[in-house]
Amino acid sequence: MSMEMDAEDLRQAEEQNLVKKEHEEKLALVYGEVFKTGAGQFVLKDLSERCNFRNSCIRNVMAPNANAVLFQEGKRAVFNHIMFYFKNGNQKGKAR
């Protein structure tokens, strides 16, 4: 009985991994489609500035505010998420 449960758990885990992989591939393709357009590039430029992509998250080096740093890092994490899927979507699109 224990072996049956282990095999079933393994099957379910493999199925979940496949669903997750398919979802991430679809996300990459969609992000690539959205952000490769002129409008998408315009939005990415705006987001990179608003999310402090190229700037330090510490505004006052002499007295850093932990909450402010966490907030800024959160914005940067969202931008990095977008760029990860955008770049993967562009790579997959070029392979076709």
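Quick notes on this one:
- Inter-residue pairs, beta-carbon under 7 Å, first of a type in the set (Ser, Thr, Tyr) and in region 67-96, second at pLDDT below 95, 6+ apart: Tyr85/Leu27; Tyr85/Ala28; Tyr85/Tyr31
- Sole residue being over 16 Å from Asn90 (Cα atoms) and assigned to a loop (DSSP other than H, G, I, E, B), chosen from Ala63, Ala77: Ala63
- Some residue of region 41-63 being hydroxyl-bearing (Ser, Thr, Tyr) and free of Cβ contacts under 8 Å to residues at least 40 places away in the same chain: yes
The values are calculated or read from the model by the stated rules, or taken from the named source; none is laboratory data. Note that the structure is predicted; figures quoted are calculated from it, not measured. No Cβ is skipped: glycine too gets one built from the backbone with ideal geometry, and neighbour counts run over all protein chains shown.
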